[in-house]
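Novice: My structure is below; once you've seen it, I'll send some questions.
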Amino acid sequence: MAVPFTAYLFQQGIDDELILLLNEIASATKEIAGKVRKAGLLGVLGSAGKTNVQGEEVQKLDELANEILLENLKNCGKVCQLTSEEVEDCLIVSESGYSVAFDPLDGSSNIDVNVSIGTIFSIHRDSVMRRGREQVAAGYVIYGPSTMLVMSLGNGVVGFTLDPESGNFLLSHPEIRMPEKGKIYSINEANRDKWTSGRLRKFIDFLKENKYTQRYVGSMVADVHRTLLKGGIFIYPADRKNTNGKLRLLYEAKPMAFLVEQAGGLSSTGSEDILDVVPKELHQRVPVILGSRWEVEKCLEFMKEN
Ligand code: P6P
């Protein structure tokens, strides 16, 4: 039988506090998966009728996912600070423990149309306001055709699939390695004329000339998951509307960059590794370029050309 999530954690030589915390995240996401799967029957589709700190319309399921994660993490006794996309300020839970930044339900514009969405988490030893390279663990849960938890503890990337019969996350991908080079690029080309970098347009044209195909779900978790497994490149660049890009550093860019680099890929803001960015604000945004080594290096080459 495939190794259950908790058993896997005990085999990794990490401390019991981190094991407990990761288990809390796993059980919270199982609960969220249950709500996502039945959303249409629970009357939790649609808007909650408010906007969040990002100025985005909050979906009912966003709020529910946020409440589930806050409840589980506040009470597990292993957390000192919590940062959520849905909460303006950092929540101080206790004096000691790990700090977690999370996006409770990423891709929420896709909830009502039954397209994959996900939860993203980033764990630091004391504060989440540190460079991504100092993350203790990072991961996501994708609520897709199957519910998968993909995680790194800093020694490679592993994937677990939720088994509906037992209700356990079971090890299904013992070593996720990103292909050196792919054939897919993922970017919202509707914004093409707004991109700050004209040389980015040249890079996308270069990929098209080299017979790349385009895939864009509009859920970062889905687009990054595909990129991790199939290779290629995912980009959310700076543009005239989002001068620092749209994706948030603490609970989108940083954890995803950690996974991508642990899987053998690369990530950049266009001017520096995402994992080297020192956070200045809780909800700050950064441009995101991540994926296979070949495509990211080629993209940076194009963007540095004078
Ligand atoms: P756009 C979802 O709202 C999200 O934060 C990410 O999951 C996704 O990658 C991005 O925004 C999509 O943004 O502007 O292309 O719709």
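Novice: Residues in the range 92-113: is at least one within 16 Å of the ligand (Cβ to nearest atom), out of contact with any helix residue (DSSP H, G or I) (no Cβ under 6 Å at 6 or more places or on another chain), in the same structural domain as residue 16 (by the TED database) and without any contact (Cβ under 8 Å) to a residue 60 or more places away in the chain?
Specialist: For the range 92-113, residues within 16 Å of the ligand (Cβ to nearest atom), out of contact with any helix residue (DSSP H, G or I) (no Cβ under 6 Å at 6 or more places or on another chain), in the same structural domain as residue 16 (by the TED database) and without any contact (Cβ under 8 Å) to a residue 60 or more places away in the chain: present.
Novice: So residue 102 clears everything in (1) over 27 Å from residue 282 (Cβ atoms); (2) open to solvent by less than 20 Å² (accessible area, probe 1.4 Å) except one condition, right? Which one?
Specialist: Result: residue 102 passes all but (1).
Novice: Residue 172 - would you say it is in a strand (DSSP E or B), open to solvent by less than 30 Å² (accessible area, probe 1.4 Å) and more than 10 Å from the ligand (Cβ to nearest atom)?
Specialist: Judged against the criteria, residue 172 is not a match.
Novice: Determine, yes or no, whether residue 54 is in a strand (DSSP E or B) and open to solvent by 20 Å² or more (accessible area, probe 1.4 Å).
Specialist: No, not satisfied.
Novice: Quick check on the range 175-185: of everything there that is open to solvent by 60 Å² or more (accessible area, probe 1.4 Å) and more than 16 Å from residue 259 (Cβ to Cβ), which residue is nearest to the ligand (Cβ to nearest atom)?
Specialist: Selected residue: 183.
Novice: Quick check on the range 270-287. Is at least one of its residues outside any loop (DSSP other than H, G, I, E, B), farther than 22 Å from residue 154 by Cα and either in contact with a strand residue (DSSP E or B) (Cβ under 8 Å, 6 or more places away or on another chain) or away from the ligand (no atom under 16 Å from the Cβ) (or both)?
Specialist: Checked against the condition, which is being outside any loop (DSSP other than H, G, I, E, B), farther than 22 Å from residue 154 by Cα and either in contact with a strand residue (DSSP E or B) (Cβ under 8 Å, 6 or more places away or on another chain) or away from the ligand (no atom under 16 Å from the Cβ) (or both), the range 270-287 yields at least one hit.
Novice: Another question, if that's okay. Which residues, counting only those in the range 267-301, are within 13 Å of residue 203 (Cβ to Cβ) and either open to solvent by less than 10 Å² (accessible area, probe 1.4 Å) or charged (D, E, K, R) (or both)?
Specialist: Hits for the range 267-301 are 268, 289, 291, 295, 296, 297, 298, 299, 301.
Novice: On to the next question. When the residues of the range 4-51 are narrowed to those that are open to solvent by 60 Å² or more (accessible area, probe 1.4 Å) and of a type in the set (S, T, N, Q), which ends up farthest from the chain's Cα centre (by Cα)?
Specialist: Filtering first and then ranking leaves 11.
The values are calculated or read from the model by the stated rules, or taken from the named source; none is laboratory data. These numbers come from a predicted model, not from an experiment. FYI the Cβ positions are ideal-geometry reconstructions off the backbone, even for glycines, and counts take in every protein chain you see. With ligands, DNA and RNA removed, areas are computed over all heavy atoms of the protein, side chains included. Shrake-Rupley method; radii C 1.70, N 1.55, O 1.52, S 1.80 Å.
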